[in-house]
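Reading through the structure tokens given below for one structure.
The values are calculated or read from the model by the stated rules, or taken from the named source; none is laboratory data. What you are looking at is a predicted structure, and each value in this text was computed from that prediction instead of being measured. Here Cβ is always computed from backbone atoms with ideal geometry, including for glycine, and neighbour counts include all displayed protein chains. Each accessible area value is taken on the protein alone, full model and side chains, heavy atoms only, with ligands, DNA and RNA left out. Shrake-Rupley method; radii C 1.70, N 1.55, O 1.52, S 1.80 Å.
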Amino acid sequence: MPYLFTCPHCLTKTQVDDRFSGQSGECVSCGEPIQLPHFAGTAEAAPGFGVDSKPLGWAVAAGVLLVIMGCLVFAIFRFGGQTVSQLQTNRQRTASMRNLEMIAAALNAYAADHGTYPPPITYGPGKTKMHSWRVLILPYLERQELFDQYDMSKPWNDPANMMVCYNRPAVFAHPTESQTGWTSGTGYYLIVGPGTLFPNSGPLSPDQITDDPSQTILVIEGNPNSAGLWTEPLDLDFGLMRGQINGTAGIEPGGLCDGGAAMVTVDQRGHFAEETMSPTTFNALVTPNGGEPLADDTLD
């Protein structure tokens, strides 16, 4: 009989046949290593499938195909009623949150060295838009050599800087880009404007945040109406938003994943915000000093 197993990493619930009791393997949703428990009252596992056997590789097909490495035994069972499409979506969400957590770590490291978060945009003579924060944090993403190739005296779209654009760090690549056709784009943006971590007067420091850092958005998925190059100094304007995730294309956050948007908070923890989140709650998550009361499980 099948038993319900919950992945401790991504919390995906899976119906697992009792014949796989005690097996180790890889979660088909998030790819993390998992160990199935010895389900109470189950029959002894088949020879070669015990807890001491080598880790297994798991692959999903329409029903769900479990490939037992080394023994070449195949067993087909339904994976919690989820479709292959849903499993792919879960993987994309998890991968996006991992990217965001690395970006957040770099932003916090920059703030520790410079006293504030990087400016979303640096300007040149005549208020020319020069550079994005994504370029400024390259040394904190262990890409100093790429940063050194970038000419800070010239705008982001100058031919001298386009070769850097085409050498995009993997952390800025959104997991859905194979579906969108992007090659040098990004899906990760700051939320800027009055009342945010990045007001027009200049970015704040982590020490200036009075709200709970675990409930304050640092970076979020977005899909602005632009060429989408990762070096472009472009972010999401809080003043234009209505607080609806996956709302108006190019203005509201999201627009890349069904059901919501991946984001990371100041404490460097990735989350997936459902598109059913109320605008009031979303707006409270954006403001670092709004003092809005939020439940402890708002992002659980």
Filtering segment 125-159 for residues that are at pLDDT 95 or above, surrounded by fewer than 18 Cβ atoms within 10 Å (Cβ to Cβ) and among the small types (Gly, Ala, Ser) leaves a count of 1
Residue pairs qualifying under the 7 Å Cβ cut-off, at least six apart or on distinct chains, with the first in segment 128-153 being without any contact (Cβ under 8 Å) to a residue 12 or more places away in the chain and the second being aromatic (Phe, Trp, Tyr), are Pro139/Phe147
Check your understanding: Hey, does segment 278-299 have a residue that's under 21 Å from Val171 (Cβ atoms) and aromatic (Phe, Trp, Tyr)?
Key -> no
Practice problem: Would you mind stating whether Pro253 is within 22 Å of Met162 (Cα to Cα), assigned to a loop (DSSP other than H, G, I, E, B) and in contact with an Asp or Glu (Cβ under 9 Å, 6 or more places away or on another chain)? | Solution: no
Counting only residues in segment 235-250 that are modelled with pLDDT of 95 or more, part of a loop (DSSP other than H, G, I, E, B) and among the aliphatic types (A, V, I, L, M), the one surrounded by the most Cβ atoms within 10 Å (Cβ to Cβ) is identified as Ile245
- Item | Test result for Pro175, in a loop (DSSP other than H, G, I, E, B), at pLDDT 95 or above and surrounded by 15 or more Cβ atoms within 10 Å (Cβ to Cβ) | no
Is it the case, given these coordinates, that Tyr166 is touching a strand residue (DSSP E or B) at 6+ places or on another chain (Cβ under 7 Å), free of Cβ contacts under 8 Å to residues at least 24 places away in the same chain and of a type outside the set (Lys, Arg)? no
Here the residues within segment 96-124 that are open to solvent by less than 20 Å² (accessible area, probe 1.4 Å) and hydroxyl-bearing (Ser, Thr, Tyr) are Ser96, Tyr117
The correct count of residues that are assigned to a loop (DSSP other than H, G, I, E, B) and open to solvent by less than 60 Å² (accessible area, probe 1.4 Å) in segment 256-290 is 9
